[in-house]
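First the structure, in the form of C-alpha cells, and then the observations on it.
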Amino acid sequence: MKWLGRIFLALIVVALVASGAFVLFKRRIGETLFAHAVEENVGRDRAAELPDGLHVYMCGTGAPMPDPNRAGACLAVLAGQRAFVFDVGSGSVRVLGRMGFPMQRLERVYLTHLHSDHFDGLGELMLQAWVGGGRDTPLPIAGPPGVSEVVDGFNHAYRIDSGYRIAHHGVEIANPAGYGGMAEEIAPPPPAGQVVFQDGDLSITAVPVSHAPVDHAYAYIVRYKDRAVAISGDTTYNDNFVAAANGVDVMFHEALNEEMVAQIGAQAQASGQRAFAKIMSDIPGYHTPPRDAARAAEAAHARELILYHVIPPMPGAILYDAYLGDAPRAFSGRMRIGEDGMLVSLPAGLREISVTQAVR
Ligand SMILES: [Zn+2]
Ligand SMILES: [Zn+2]
C-alpha cells in the first residue's frame, strides 16, 4: 500500500503546484484571453461571412415581465447584405451588438405596433446606428399611425446627448445630419396585406393582425429570393397572418401560456397584489397560446415554428415541455422556443434551415 500513498501524495503536490501556478499567472492568463478576444472580434464583419440568403437574429425573445435571459421583443433580418430590425425592446440592442449585427448596413426599423415593450430600445438603436453605424441621414422608422409621435419623442429625449457626442467625437464620426430617427407611417393595410418595401428580389409585406385595444398591429412577411419568414408581432390567432404567411420557411410567433399566467394571477390575488393580478387576467385576451401558434403554423404550411415574445418568463429550458404542453402535436413541422442570441439562417437556393446559438 506504500505505493498508493506515494501516488496520492504526488497527486496532491501536482494539484497544489497547478493551483499555485494559476494564482501566480491569473493576471497573465486574463491578459492573454482578452487580447485574443479583441483580435477575434474587433473589426470583424461576421455578417459578411454568412452565405447569401435570409438570416434572422433573435435579439429579443421576451416580453415586459422581467426575464434574466430574454430582452424585449426584437427580430433583426439580414436579406443578402441588407439589414432591417423588426421591433426593438429593451436590452435587445446589446444582444444585436454581441451577435455582430451589421449596424452600418441597417436600412430601416419596422415596428409591429406601439406598445412600448416593442420600441423601448429605440433610443439606443438610433444612437448605435448613428455613431457606430456612421449614418449621414436619420434612421427610417416605419410603423402604424402614431409612429411619428414616438420617434419625435425619442429624437427630443436624445437631443442633449447628441450634442455631447458631436462635441466629443467630431462631425466626421458623429455627423449631425445622421442623428436620430425619421418616422414613416404605414397606413393600415387591407386584410390580405400590403407590400411596404420592394427592391429586386426582396419584399416586406405588412399584414393587419388582432391585438385590441391596440388600434393598429401589424405582422410582417419578409421574402428574399426563394426564402421567406413571417413575424407575427403581438396578436391572437389571426387568419390574415395565416393566409399571408402561406408557405414560409419559418414562422416566428408570439406566445403566452394561459395556465401559467393564471397561476401567477391567482397567487398575486391571494397575496393582495390586485393590480398585478388584474394585468395577469387581462393579457391572455390579446396574445396567443402555444397550441394556437402551432395551429397557425400548420394552417400556413410553415416548415418551422419558433416562438418569441414568450410569456411568462422561463428561467430555464427545463420548463419548455411544460410551457408547450400538447402544442407540438398541432404542428407537423418542428416547433421550438426561441432564445436570445439564436441565429436562424436560410441560405438562398437551398431548403436548409439552420438554427445556431450565436451567443448566450
Ligand atoms: Zn403588444
Ligand atoms: Zn408585446
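The values are calculated or read from the model by the stated rules, or taken from the named source; none is laboratory data. What you see is a predicted model, and the numbers here were worked out from it, not measured in a lab. Virtual Cβ from ideal backbone geometry, glycine too; neighbours counted across all protein chains shown.
A few comments on the model shown:
- Scan of segment 334-358 for residues that are more than 26 Å from residue 261 (Cβ to Cβ) and surrounded by 15 or more Cβ atoms within 10 Å (Cβ to Cβ), ordered by number: 343, 344, 345, 346, 347, 348, 353, 355, 358
- Verdict on residue 245 being farther than 22 Å from residue 59 by Cα, at pLDDT 95 or above and assigned by TED's automatic domain parsing to the domain that holds residue 79: no
Condition check ((1) part of a loop (DSSP other than H, G, I, E, B); (2) in contact with a helix residue (DSSP H, G or I) (Cβ under 6 Å, 6 or more places away or on another chain); (3) in the same structural domain as residue 84 (by TED's automatic domain parsing)) across all residues:
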residue	(1), (2), (3)
141	no, yes, no
150	no, no, no
156	no, no, no
160	no, no, no
164	no, no, no
167	no, no, no
171	yes, no, no
174	yes, yes, no
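- Close contacts from segment 240-256, counting a first residue that is in contact (Cβ under 8 Å) with a residue 12 or more places away in the chain and farther than 17 Å from residue 336 by Cβ and a second that is of a type in the set (Val, Ile, Thr) and within 16 Å of ligand 1 (Cβ to nearest atom), with Cβ to Cβ under 6 Å and a gap of 6+ residues or different chains, come to 240/207; 241/207; 241/209; 244/207.
- Restricted to segment 136-156, and to residues there that are over 16 Å from residue 220 (Cβ atoms) and within 16 Å of ligand 1 (Cβ to nearest atom), the residue that is surrounded by the most Cβ atoms within 10 Å (Cβ to Cβ) is 150.
- Residues of segment 114-135 that turn out to be crowded, with 24+ Cβ neighbours inside 10 Å and assigned to a loop (DSSP other than H, G, I, E, B), as a count: 2
- Checked against the criterion of being of a type outside the set (Gly, Ala, Ser) and assigned to a strand (DSSP E or B), the candidates 95, 77, 38 yield just one match: 77.
- Count of residues meeting criterion [away from ligand 2 (no atom under 16 Å from the Cβ) and modelled with pLDDT of 95 or more] in segment 110-134: 8
- Against the conditions (1) surrounded by 15 or more Cβ atoms within 10 Å (Cβ to Cβ); (2) touching a residue at least 24 places away in the same chain (Cβ under 8 Å); (3) more than 16 Å from ligand 2 (Cβ to nearest atom), residue 265 satisfies every one except (2).
- Residues located in segment 55-71, provided they are within 12 Å of ligand 2 (Cβ to nearest atom) and more than 18 Å from residue 357 (Cα to Cα): 63, 64, 65
- Residue tally, condition at pLDDT below 95, within 21 Å of residue 59 (Cα to Cα) and surrounded by 18 or more Cβ atoms within 10 Å (Cβ to Cβ), over segment 284-323: 1
- Residue satisfying all of: in segment 211-222; within 13 Å of ligand 2 (Cβ to nearest atom) and part of a loop (DSSP other than H, G, I, E, B); surrounded by the fewest Cβ atoms within 10 Å (Cβ to Cβ) among these: 214
- Test: residue in segment 50-57 that is hydrophobic (A, V, I, L, M, F, W, C), away from ligand 1 (no atom under 16 Å from the Cβ) and outside any strand (DSSP E or B): yes
- Flag for residue 67 being of a type in the set (Asp, Glu), touching a Pro at 6+ places or on another chain (Cβ under 8 Å) and outside the structural domain of residue 320 (by TED's automatic domain parsing): no
- Residue match in segment 291-311 (condition: within 16 Å of ligand 2 (Cβ to nearest atom), touching a residue at least 24 places away in the same chain (Cβ under 8 Å), part of a helix (DSSP H, G or I) and in contact with a helix residue (DSSP H, G or I) (Cβ under 6 Å, 6 or more places away or on another chain)): no
- Which numbered condition residue 225 misses (of (1) surrounded by 22 or more Cβ atoms within 10 Å (Cβ to Cβ); (2) within 23 Å of residue 343 (Cβ to Cβ)): (1)
- Test for residue 79: is it surrounded by 11 or more Cβ atoms within 10 Å (Cβ to Cβ), closer than 17 Å to residue 229 by Cβ and within 16 Å of ligand 1 (Cβ to nearest atom): no
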